[in-house]
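Here's the structure, in structure tokens; my notes come after.
The values are calculated or read from the model by the stated rules, or taken from the named source; none is laboratory data. Just so we're clear, the structure is a prediction, and the values are computed from it rather than from any experiment. Heads up, the Cβs are rebuilt from the backbone with ideal geometry, glycines too, and the neighbour counts pull from every protein chain shown. Surface areas here come from the heavy atoms of the whole protein model, side chains and all, with no ligands, DNA or RNA. Shrake-Rupley method; radii C 1.70, N 1.55, O 1.52, S 1.80 Å.
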Amino acid sequence: MPMTASNIGGSRGEPLRSASAIVASTESGQHLLKIDGYSRTKDVPTGSLIKSRSFRVGGHSWRIRYCPNGDNSTCSDYISIYVELEHNVTEGVRAQYTFSLLDQGGKPVPRYTLGSEQTFRDLSWGYATFIKRDELEKSEHLKDDRFTIRCDLTVTKEIQTMDVDIDTAAIPQPPVVVVPPSDLHRHLGGLLVTGEGADVTFEVDTRTFAAHRCVLMARSPVFHAELSLSSLTTTNDGAAVAVQIEDMEAQDFEAFLHYIYTDSLPEMKGSEAAAMMLPDLVAAANRYKMERLRLVCEDKLSEFVNVTTVAVILAFAVEHHCLGLMEVCLKFLGDPANLREVIKTDGLEHLSKSCRSVLKDI
């Protein structure tokens with residue numbers, strides 16, 4: 001029978017139909033690290049670690065690294081905690097992680113709950129200054145020489161392509177109700193701009209900033225401690241007494257408040273302005289224990305790493321415990337061509353004066 005247009009495809013000339021799907025999924029898991037005999041783990045020297053048992057999330061094996069006396073000498077008063085892949089990967093594994101100190105009821109303690117999202121290859125990610133040992137020892141969360149840290153991990157799995165039933169692959173109809181994206185940041189940012197309902201003020205240089213005690217307390221454990229203990233007295237007319245900020249410039253404090261209210265950095269005009277403001281915001285993030293702000297600034301600062309800046313940025317990263325930024329700088333210097341150019345600019349001489357220990361890593 002000759003082939004004609006009438007019998008190509010199906011018996012009645014219908015086109016052959018098939019469907020496939022591109023699936024980008026995630027998988028979440030939790031791992032509890034119970035420290036039983038905390039006082040004895042303190043015998044582990046600074047820079048040494050104890051690893052958890054292996055656990056699997058998202059098709060990969062993971063371990064938690066527990067450093068009871070800090071990851072290095074700059075954070076020896078703290079407990080450091082990290083999560084790592086058990087094996088190296090070439091493409092990298094994107095994962096969101098959160099570490100939480102649990103109370104005696106098994107619930108996360110907000111003040112000691114920190115999280116971020118990173119790409120894992122041959123690195124571990126976490127917090128060098130997760131909690132001060134003396135703070136833990138004075139708290140109710142350490143009982144009978146025991147405490148628990150929970151790691152929540154959400155892994156972005158490899159994108160897969162698969163066949164699907166043609167009947168389930170129909171083009172979805174647009175929803176009747178369209179939910180707009182969250183605009184909470186816009187409303188809170190408006191409160192900051194108008195100062196409506198403000199009950200605390202800050203004096204920085206010659207400028208005054210009105211703010212809201214409840215917002216500050218919710219965003220920073222340091223503000224929570226300082227503003228919830230009636231440390232601010234009020235005047236006869238009920239207005240809060242101004243708090244004097246001595247260690248920040250007005251423009252930096254303004255950017256700091258912008259982040260507190262909107263969870264984003266303000267627009268910075270020009271790379272020079274950003275390079276000058278970001279280090280001050282890192283210092284503020286450390287001062288007020290706002291880990292996400294520090295990581296956001298680290299990510300931005302890593303964009304400025306080049307032959308002329310790497311030595312200064314690396315010294316800064318070491319001083320302020322910016323482990324991710326330090327890793328970016330060390331990888332940059334790991335390229336022999338980059339290292340030769342840095343030597344020409346006397347960059348290593350700067351490092352030898354500011355942080356000699358880093359030269360060993362280089």
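Would you be able to tell me the number of residues in the range 336-362 that are open to solvent by 50 Å² or more (accessible area, probe 1.4 Å) and at pLDDT below 85? Of the residues in that region, 14 qualify. Filtered by the rule that a residue be open to solvent by less than 60 Å² (accessible area, probe 1.4 Å), part of a strand (DSSP E or B) and more than 21 Å from Met217 (Cα to Cα), the range 102-134 gives Gln118, Thr119, Phe120, Ser124, Trp125, Gly126, Tyr127, Ala128.
Here's the yes/no breakdown for (1) touching a Leu at 6+ places or on another chain (Cβ under 7 Å); (2) farther than 24 Å from Thr113 by Cα:
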| site | (1), (2) |
| --- | --- |
| Asp280 | no, no |
| Asn286 | no, no |
| Met290 | no, no |
| Leu293 | yes, no |
| Glu303 | no, yes |
| Thr308 | no, yes |
| His321 | no, no |
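Based on this model, can you work out whether His258 counts as modelled with pLDDT of 90 or more, over 26 Å from Gly126 (Cβ atoms) and either in contact with a His (Cβ under 7 Å, 6 or more places away or on another chain) or of a type outside the set (A, V, I, L, M) (or both)? Against the criterion (modelled with pLDDT of 90 or more, over 26 Å from Gly126 (Cβ atoms) and either in contact with a His (Cβ under 7 Å, 6 or more places away or on another chain) or of a type outside the set (A, V, I, L, M) (or both)), His258 qualifies. For the subset of the range 196-228 comprising residues that are open to solvent by 40 Å² or more (accessible area, probe 1.4 Å) and within 27 Å of the chain's Cα centre (by Cα), which member is farthest from Ala255 (Cα to Cα)? Here the answer is Ser228. Of all residues in the range 163-170, none are over 30 Å from Gly92 (Cβ atoms), modelled with pLDDT of 75 or more and open to solvent by less than 60 Å² (accessible area, probe 1.4 Å). Note on the range 9-89: enclosed strands (runs of 3 or more DSSP E) holding 3 or more residues that are in contact with a Leu (Cβ under 6 Å, 6 or more places away or on another chain) and surrounded by 12 or more Cβ atoms within 10 Å (Cβ to Cβ) are 60-67.
Residues checked against (1) over 29 Å from Asp183 (Cα atoms); (2) at pLDDT below 90; (3) open to solvent by 40 Å² or more (accessible area, probe 1.4 Å):
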residue	(1), (2), (3)
Ala273	no, yes, yes
Met290	no, no, no
Arg294	no, no, no
Glu303	no, yes, yes
Val318	yes, yes, no
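Among the residues of this structure, Gly115 does not count as one that is touching a residue at least 24 places away in the same chain (Cβ under 8 Å) and at positive phi. Ala250 meets all of the listed conditions (1) closer than 18 Å to Val215 by Cβ; (2) in contact (Cβ under 8 Å) with a residue 40 or more places away in the chain; (3) more than 16 Å from the chain's Cα centre (by Cα) but one, namely (1). Evaluation of Val310 against the conditions (1) within 30 Å of Phe223 (Cα to Cα); (2) among the hydrophobic types (A, V, I, L, M, F, W, C); (3) buried (at least 21 other Cβ atoms within 10 Å of the Cβ) shows that the sole unmet condition is (1).
When the range 152-162 is examined, which residues are found to be in a strand (DSSP E or B) and at pLDDT below 85? Residues satisfying the conditions are Gln160, Thr161, Met162. The residue list Val83, Val89, Val23 contains one member that is at pLDDT 80 or above, closer than 28 Å to Ile159 by Cα and not charged (D, E, K, R), which is Val83. Residue count for the range 108-163, restricted to those that are over 25 Å from His60 (Cα atoms), among the hydrophobic types (A, V, I, L, M, F, W, C) and in contact with a helix residue (DSSP H, G or I) (Cβ under 7 Å, 6 or more places away or on another chain): 2. Report, by residue number, each residue of the range 259-273 that is out of contact with any Lys or Arg (no Cβ under 6 Å at 6 or more places or on another chain), of a type outside the set (S, T, N, Q), under 22 Å from His185 (Cα atoms) and not in a loop (DSSP other than H, G, I, E, B). Tyr259, Tyr261, listed by residue number.
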